[in-house]
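What follows is a set of notes on a single structure, which appears directly below.
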Amino acid sequence: MSSKKKPAPAKAKDRAGQIDKLRAEIEEHNYRYHVLDDPFISDSRYDGLIRVLEKLESEHPEFITANSPTQRVGAAPLGRFESIDHRVPMLSLNNAFSSQEVAEFDRRCREGTGRESISYVAEPKIDGLAVSLTYEHGQLTRAATRGDGRTGEDVTLNVRSISSVPLQLRSDDVPLVLNVRGEVFMPVAGFQMLNEQQNARDEKLYVNPRNAAAGSLRQLDSNVCAQRRLSFFSYAVGIWEGSDSPATQIQMLERLREFGLPINPLAREVDGLNACLEYYREVLALRDALDYEIDGVVYKVSSVDDQQALGSVSRAPRWAMAHKFPAEEEITVVKAIEIQVGRTGALTPVARLDSVFVGGVTVSNATLHNASEIERLDVRKGDTVVIRRAGDVIPEVVSVVFDQRPRGTRRFIFPTECPVCGSGVSADEGGVIRRCDGGLVCSAQLKESIKHFSSRLAMDIEGLGAKLVEQLVDRGRVKTPADLFSLSATEFAALERMGRKSAENLIASLETSRRTTLARFLFALGIPQVGEATAQTLAQHFGALERLMPATVESLETVADVGPVVAREIRRFFDQPHNQRVIEALRRHGVNWPEEAPTVVPDGVFAGKTVVITGTLPNLSRDQARRWLIEQGAKVSGSVSSRTDFVIAGTDPGSKYDKAVSLGIEVIEEHEMKALAGKVTD
């Protein structure tokens, strides 16, 4: 009789069943979040499920499958993208810029089908990147960019990293082969966060969400793409093999939704020309409230038979048209090109303009981004230029009207010395970002650092405005933030626009600011990549500065929302002797805070949720409510979008309240906010 211990197949079978059940639960949450827009667990709870699955799969690698939620990223970086031929060409759309052109399109559709009235499917035109997804037996096997319509690039690994793209279709009744067309885009919030990160690293800023989405989808490293918060809407089918395809466009969208593919929630069927134009007006009014960029609406004949009857011409179908929104662009003249030096030393060229009204505001300055952009545009002083402003995006110069260029203009030469301190200017590897090498020797960098340190959300030194900071730095009286606490009322009173009483008030404010919180102190230090929310998370995780400062990159990466890039920036900041000396000096001057044991953000109702505050609350100031919500794990935003989870409304809430109501977002009052905080999500 053998003495060897026999394996326990029942245990292995149980563990495989546990893994399958957990995968199904995670995919259900993905479906509810991305397709139904109706999640019922918090982001932190979802992340916890992923971590459990990762642990189980690491213990039992024999049960890992290609379509597991844990396998979205992690492949080795590509050397280049392979070309892919589209079996069915990806056609572009003809554009309409007026209601008369839409009426002409409707007339051609009616005449081509012999119908008195046409039913269309109308949906927003997403300003993103068109892609083609191929599913075989319900599994995602290939993804490609549109390219020239006939040949695109294989971006399968990157598309697999997009959480709203299902790796496995939900229904058992799926076609043997399904080729789906859709748009990859970057939500506005993700775009703003990406540019903040790029700016903190002194790297090239993306001009708009579309460019950011295109640049992200074409990253050769899928791990980088996964960090870019891309999303996806499906809107058409190229191939449907192995089962009966839907008879109408709207039925096709519903089937895609049943398969787990997200479609735009604003898509709907409309009857006739007038209904198309009414839909256009509705979406145009909603445009600024959406969390993604759109540049028009698309009309498609709903009947598939009618689509086939109408056919296509060259590169565009006869049965579809894009109705573009009015451009938010204007023409003006460049009066000068100046260089601004930021807190990190980055040199940013700015065009000073003849004032012009565009995008709802009067604009007199526009960014030129960097030296490469100036060279590409060949913009010069005196040029007539086209500028663009969309929503809250910083105005930018789009192009030069060369036939209106005055004689005698000269090319702009980017400075090789800092225009503020005269220090040398260095460039990154690509030569895109140039920055002053002077560090805090540069008064511009020092001024911006002091302004940040004393700002309301940092040390909150009331009365220390920008003009005072500039005087203190120009006179050589302040060289680090710690120097502020060594100044006397007499020295402040000697500054321009400062009387004795104002000086005494400023001294009192400095005294008050000495007693702060660890989160505010960390934010005030200006650590690259560390904003208010990250500073709060670090303070809660470590509890004390003495525990944070020696933390390794590996231990920093265990903190929620701190990835490898942020962890390296934090470690680099605390390793610099200059920063260590500034912190020591601030502590000697009495800057202090209550130190606590490390805490964990509760998994409550607000954990991981995006919240907007509007109006005047009865018991809390806006800042007090903001800090309270951050302590509950919330992300506090300044604008309402489709991704907003709650709006906290006080008296006189204004337009944010109206947007929330129009988008169906839950609006609550202060007392309801506090009551909800006691609840814990399942």
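The values are calculated or read from the model by the stated rules, or taken from the named source; none is laboratory data. Note that the structure is a prediction, hence the values are computed from the model and not measured. Every residue, glycine among them, receives a Cβ derived from its backbone with ideal geometry; neighbour counts consider all protein chains shown.
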Note to self: Looking at the structure I just gave you, is K300 in a strand (DSSP E or B) and under 18 Å from W240 (Cβ atoms)?
What the structure shows: yes
The condition from (1) surrounded by 22 or more Cβ atoms within 10 Å (Cβ to Cβ); (2) touching a helix residue (DSSP H, G or I) at 6+ places or on another chain (Cβ under 6 Å) that I263 misses is numbered (1)
Across segment 267-291, the tally of residues that are in contact with a strand residue (DSSP E or B) (Cβ under 8 Å, 6 or more places away or on another chain), part of a loop (DSSP other than H, G, I, E, B) and at pLDDT below 95 stands at 1
Of N579, N619, the only residue that is of a type in the set (S, T, N, Q), in the same structural domain as L525 (by TED's automatic domain parsing) and in contact (Cβ under 8 Å) with a residue 24 or more places away in the chain is N579
Flagged pairs (Cβ under 8 angstrom, 6 or more apart or on separate chains; first in segment 54-70, under 19 Å from L140 (Cα atoms) and at pLDDT 75 or above; second part of a loop (DSSP other than H, G, I, E, B) and of a type in the set (F, W, Y)) are none
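Quick one: in segment 81-103, which of the residues that are assigned to a loop (DSSP other than H, G, I, E, B) and hydroxyl-bearing (S, T, Y) is surrounded by the fewest Cβ atoms within 10 Å (Cβ to Cβ)?
Looking at the filtered set, the residue picked out is S98.
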Taking segment 545-580 and keeping only residues that are modelled with pLDDT of 90 or more and surrounded by fewer than 13 Cβ atoms within 10 Å (Cβ to Cβ), one is left with E546, P550, T552
Scanning segment 636-675 residue by residue, the ones that are farther than 28 Å from L284 by Cα and at pLDDT below 80 total 1
A careful count of residues in segment 474-491 that are in a loop (DSSP other than H, G, I, E, B) and either touching a Pro at 6+ places or on another chain (Cβ under 6 Å) or closer than 13 Å to S454 by Cβ (or both) gives 3
The one condition R643 fails out of (1) more than 25 Å from the chain's Cα centre (by Cα); (2) of a type in the set (K, R); (3) not in a helix (DSSP H, G or I) is (1)
Some residue of segment 168-184 being crowded, with 22+ Cβ neighbours inside 10 Å, within 13 Å of L217 (Cα to Cα) and in contact with a Cys (Cβ under 7 Å, 6 or more places away or on another chain): no
So the strands (runs of 3 or more DSSP E) completely within segment 104-159 holding 2 or more residues that are modelled with pLDDT of 90 or more and crowded, with 23+ Cβ neighbours inside 10 Å are 119-126, 129-136, 139-145
The strands (runs of 3 or more DSSP E) lying wholly within segment 319-399 that contain at least 3 residues that are surrounded by fewer than 20 Cβ atoms within 10 Å (Cβ to Cβ) and either modelled with pLDDT under 85 or not acidic (D, E) (or both) are 329-341, 347-358, 361-367
